[in-house]
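Encoded as structure tokens, the structure appears first; notes follow it.
The values are calculated or read from the model by the stated rules, or taken from the named source; none is laboratory data. All values reported here derive from a predicted model rather than from experimental measurement. Every residue, glycine among them, receives a Cβ derived from its backbone with ideal geometry; neighbour counts consider all protein chains shown.
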Amino acid sequence: NSGCSESSKNSVSSNSKVLKFLRGWALKHNITHEATSDLLKGLKENYECFADESESRFPISAKTLLKTEVKLTKKVVEPGCYIHIGLQKHLLKIAPKYFKTVGISNLLVRFQRYIPKEFARKSRELYIVLRWKATEFRLFILYLGPVVLKNVLSEEKYVHFLQFHFAMRILLNVKFCKEQEFRKFAKDLLKHFVQSTIILYDKNFISHNFHNNIHITDDVDYFVDKLDDFSLDTISAFRFENYMQSIKRKVRGRSKPLEQIGLRIGEIMSFETDYLTEKQRDNQFPKLSLPHNSGPLLPGCTRQYRGVALPNFKVINESPNNCCGNTSGSIIQIENIAFSEYLQIPVVIGREFIDKRDFYTVPSEISRVGVFKVKKLSNLKIWPLSEITIKYVKLPYKNDYVVLSILHCDTL
């Protein structure tokens with residue numbers, strides 16, 4: 001405290017030394033911004049020599065303390081790194097301590113039969129969580145988690161998970177990424193999620209890796225005006241997750257692997273024109289497949305098919321690939337695909353879920369981002385195939401179903 005009784009000039013000099021020390025200390029030990037800001041605020045509130053200083057001379061924000069004149073390269077926060085692996089693995093590693101892993105594992109295995117073909121992997125038991133791949137964490141966060149954890153976690157911890165789930169469904173949806181109001185809501189949810197984790201679980205969670213989830217929305221803000229139809233999926237590497245083996249197969253021997261890969265890719269690209277022409281001929285949608293005569297049919301319908309390929313997903317007339325949505329918002333359980341002689345177009349025949357409501361309403365109505373609790377099927381109806389725009393994951397929940405739009409297949 002002796003420094004606090006010195007002259008104003010010496011006090012300013014002393015404060016500069018303190019700030020220099022704090023800056024070096026925070027960087028050396030990877031102290032989070034939140035912890036550094038709390039320390040600065042405490043010093044300013046409890047010591048007179050800091051209390052009268054302006055924000056420019058003694059800041060209370062870690063961002064102000066640690067800012068530098070050096071121009072830094074902007075780093076994109078990759079969803080697979082921070083969201084799906086880094087953060088969720090932390091949460092699930094402590095699962096045995098906080099909730100019933102046996103019950104959750106049983107549900108995850110049970111739900112395997114409900115995972116549509118658009119997912120590269122199906123859900124596996126929780127006790128092998130450290131061997132889960134990024135796509136499995138993604139499946140848990142965006143689709144299975146809200147149903148699996150319901151009535152297993154305490155209400156407070158369940159809502160905590162839902163904040164993360166809701167924010168991710170916003171940031172992975174092209175429509176919501178375009179709206180600043182939704183981006184801000186997602187950022188607030190992620191900030192509250194990170195801050196609440198230390199209270200609900202363990203203070204050791206708050207590492208830089210975990211803290212960086214708050215800044216996921218900064219990437220969305222940065223790219224949304226630069227890239228068409230942007231969502232976090234646009235800068236995600238999931239589509240390349242299984243490409244490593246293809247790259248390795250292009251290398252023959254240890255000498256100059258990069259040059260070998262470049263040459264092989266160059267050879268492939270030399271045939272690009274012919275390949276693209278053939279691909280364009282092949283990409284005419286819809287592609288009807290698997291003809292049959294088993295029904296059900298409605299008047300005026302002929303030429304039945306079990307499956308159809310649309311630009312972003314495939315539909316088959318049986319679970320788990322037959323739950324879809326159309327442009328008018330109906331959620332449909334498809335039972336057949338046929339050609340309508342009356343309309344002269346391909347159609348789907350199925351039943352609409354009549355009772356459709358929110359699965360949860362905190363932190364907000366989840367139906368806003370494509371999640372519903374549904375029951376009560378209608379009589380057979382018919383819809384133009386061209387109106388089918390969404391495919392759903394349909395999971396059993398008590399006597400109802402929970403349907404969740406598949407975000408990377410959503411064309412609305």
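Assorted remarks:
- All positions within the range 296-327 that are more than 28 Å from Phe111 (Cβ to Cβ) and either at pLDDT 95 or above or surrounded by 13 or more Cβ atoms within 10 Å (Cβ to Cβ) (or both): Leu297, Leu298, Gly300, Cys301, Arg303, Gln304, Thr327
- Residues that are buried (at least 20 other Cβ atoms within 10 Å of the Cβ), of a type in the set (D, E, K, R) and over 30 Å from Glu341 (Cβ atoms), drawn from the range 369-409: Lys373, Lys394
- Taken together, Val393, Val374, Val362 contain a single residue that is within 30 Å of the chain's Cα centre (by Cα) and assigned to a loop (DSSP other than H, G, I, E, B), which is Val362.
- Filter pass, Pro116 being assigned to a loop (DSSP other than H, G, I, E, B), in contact with a strand residue (DSSP E or B) (Cβ under 8 Å, 6 or more places away or on another chain) and touching a residue at least 40 places away in the same chain (Cβ under 8 Å): yes
- Subset of the range 222-238 [charged (D, E, K, R) and within 15 Å of Glu179 (Cβ to Cβ)]: Asp225, Asp229
- Qualifying residue in the range 147-168 (condition: in the same structural domain as Asp228 (by the TED database), polar (S, T, N, Q) and touching a helix residue (DSSP H, G or I) at 6+ places or on another chain (Cβ under 6 Å)): yes
- Check on Ile141, in the same structural domain as Glu118 (by the TED database), farther than 19 Å from Phe230 by Cβ and surrounded by 20 or more Cβ atoms within 10 Å (Cβ to Cβ): yes
- Entry remark, the range 292-345: residues being of a type in the set (Ser, Thr, Tyr) and either over 18 Å from Ser405 (Cβ atoms) or not assigned by the TED database to the domain that holds Tyr392 (or both) number 5 in total.
- Unique residue being modelled with pLDDT under 95 and buried (at least 22 other Cβ atoms within 10 Å of the Cβ) when the list is Ile366, Ile349, Ile337: Ile366
- Sub-9 Å Cβ pairs linking a first residue in the range 249-269 that is of a type in the set (Gly, Ala, Ser) to a second residue that is surrounded by 10 or more Cβ atoms within 10 Å (Cβ to Cβ), at least 6 apart or interchain, are Gly253/Gln260, ordered by first then second residue.
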